[in-house]
Structures are given as structure tokens and as C-alpha cells.
């Protein structure tokens, strides 16, 4: 663990970043500066290279959290007379359902328990019997639980039935090997503060130039007009329409460089997977139980049942771990009493080993049997 950080963020983003990523934010830029806009252009090109090796793809950056980019995509891509099928097996699928409702978009909600993957036969049935469905949207990694939803299988169904596919790859992009054509997505969305290991401040959307051209004049929002933002960046070589998060962009440019130096997405996925494997093995050895089976589990974040011991309090457990420089996440599952531990960011297997050692000491200090 780096000595210059107060604690290790074991969360799905914001996450622990490298010292050099943080240092990249120490230079101030004007949003009109040619050097800054050159950085924006390099960032856009770098994201596209992570998403595909095919020509004619482009990337649009959007201020705000990843949810802003999701809403910009849904609000720009789905016309008022269209109907969108949204997979809801967690908080982020639910958020897309709420987004569609706020935008006045008719939605077919394919709802599942938070601990279950989507039922592809139900999706097929919906496509077969509801011809008004034009789009499908899903969160790839549901960080509610750590579930890795079947992005490629949904993409194949979308292509089979001629549906446009919006994939929220917020917590998986650059941490799980994929290409936009491999998963069959028309729009792939992520954000700066996830597996690229930047800091919060913008999201981004990867799509073909043809898809982006089709969005002209369709947005329901001025600030979240995806086509207009893209056009500005294209025409003015990296200029954003409105004030951009300059320091965040510089941090992200450094994070992209460090991703490449690590060995790319394959190497990062290997590290995250080893982090997660060690975490689960170690937690099970301490007596904790995971919420979902390993075959559905992502390497991004893992949910564990809270101990049933009456001496256990999550708040006390959290505070004691934080005092030892480890920050974990409370649970977000409505039907289970659990907590979550992330394994992404500037976090390494030896950090996980140290975390497990401290968790063992904390539960012993609390007198808790996991």
C-alpha cells in the first residue's frame, strides 16, 4: 500500500489511483488551450483503441458521472415513439428504467432478482412478441452484487432481432477483455473513474460514426445532447461545448498511459482476477460467504453476507477497517444483508493479503464468528 495515501479504496469507483495519476492534475489548463485540446483528442483516440481495432468508430466524452453518459445515450438514441427493453437485476439496471421513465420513453422492464442473471429466453420471448421494442439496454457488471451479466449473448439476441443495443460497461470496460463488435453493442458506455483508473469527472460513449450521425436533432436535453457534444469535439479538435473537467482529463490521459505500460486490458484483467480470487479464498477461510456463485462473479467487486453473530455491526467493522487504512462498501442488495469489497484500481494481490490479515484481526477483536 502506498505510504502517501490515507487509505485503500476497495470500491468499484471512485477507486485508489496511482500517485502519478494524481500528480497529473497539478497543471491548470484553459479549455481553449491547443495543448489541452490535443490531450482530449489523444484520450478519445485511446478509448477507441481499447474498444475496437475496427475503423470508423468514435468516442464522445460527457461531463459528469457515468450516469450522465448513460442518460445522454438513452435520451439521444431512443426516439419518443420507440420502446426500450431494459434488463433490471440491480441498482444500475433500475436506474436506466428510471431514466427512461423521466425521459418519457416507453420501457419493457425485464426484471430479475438482484442475485440472478438475466433470463435470455424471456428476452427472446419479449423480442418475438413485442415488435415495438426497438432497443435493449443492460449493465454489463452490476456492481450492486458483482454480477457479470452476459453481454455477448444479449448482443447476439439484439442482432438476431434487429434491436439497437446500449451496453453500460461502466465497471467492466478496460478491466474485462471485450470489443464493441465482440459484444455486439451499438453504444458502449463507461467513465473515467473505473478500470482505466482515472478520477471522477466524465463519462464516455463509443459508437460507430454512422450511429453518431443518426442522433442529430434527437436529444431531449441541451447539456446531454450526445450528437452536439460529438460534433463540437470533431469540428474543434477536442473542444467541449461547455466547461470541461480539465484536471480530470489530464489524470485520465496519464491513466491510459499506465494501462498500456501494465500490458493493456489483458494484464489488468489478470491482476483484478487474482485480486478477486485471493479475496474470496481468504474470506471463505475466515468464515464469510459470498452472495452469488463464482460462475456469475465479476473480478470487479464481490458481495459477502454479513455475519449473523449478534456481536457484529457493519458500522463498527467498517470503522475498524478504515482505521487500519482499508475502506470497503456497504451492501446495496434489497433482499440480503451484505457488504462489498472491490478489487479494482491501483490495488495489488499483496494489498488483498494485507486486507485479509486485518479483517481476521478485526473480527477477532470484535469477538465475531463469521
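None of the figures in this text is laboratory data; all of them are computed from the coordinates on show. In this text the structure is predicted, and so the values were computed from the model without any measurement. Cβ: placed from backbone, ideal geometry, glycine included. Neighbour counts: every protein chain shown.
The ranking of 148, 61 by Cβ neighbour count inside 10 Å, starting from the fewest, reads 148, 61. Taking the Cα atoms of the range 1-144, the ratio Rg/Rh between the radius of gyration and the Kirkwood radius comes to 1.05. Roughly how many Å is it from the Cα centre of the range 1-39 to that of the range 285-329, as a whole number? One Cα centre to the other: 28 Å. Relative to the longest principal axis of the Cα atoms of the chain, the long axis of helix 151-160 makes an angle of roughly 30 degrees. Between rounded, prolate and oblate, where does the range 175-267 land on the alpha carbon gyration tensor, with a ≥ b ≥ c its root eigenvalues, rounded for a/c under 1.5, else prolate if a/b exceeds b/c? It comes out oblate by the Cα gyration axes. Quick check on the range 1-153: of the DSSP beta bridges with both residues there, what percent are antiparallel, nearest 5%? The answer is about 15 percent antiparallel.
The listed peptides 238-246, 314-322, ordered by packing as a protection proxy, come out as 238-246, 314-322 (highest mean of other Cβ atoms within 10 Å first). Going from the residue with the fewest nearby Cβ atoms within 10 Å to the one with the most, 125, 305, 135 rank 125, 305, 135. Centre-to-centre separation between the Cα atoms of the range 57-75 and those of the range 173-198: 13 Å.
So what is the relative contact order of the range 24-260, in percent, for Cα pairs below 8 Å that sit 6 or more residues apart?
29 percent
Seen against the Cα atoms of the chain and their longest principal axis, helix 34-51 is set at about 80 degrees. Against the chain, whose longest principal axis comes from its Cα atoms, helix 246-262 is set at around 70 degrees.
Under a Gaussian network description of the chain, with springs only between Cα atoms under 10 Å, the residue in 109, 234, 350 that fluctuates furthest is 350. In terms of overall dimensions, the range 24-260 has a Cα radius of gyration and Dmax of 17.1, 56 angstrom. For the range 24-260, the antiparallel share of DSSP beta bridges with both residues in that region comes to about 45%.
Using the average count of surrounding beta-carbon atoms within 10 Å as a protection proxy, the listed peptides 295-304, 281-290, 204-213 rank, highest first, as 295-304, 204-213, 281-290.
Quickly estimate the mean residue ellipticity at 222 nm for the chain, helices only: each DSSP H run with n ≥ 4 gives -39500 (n - 2.57), and the total goes over all residues, rounded to 500.
Counting only the DSSP helices, I get -13000 deg cm²/dmol.
By the count of other C-beta atoms within 10 Å, a proxy for reagent exposure, 186, 337 are ordered fewest to most as 337, 186.
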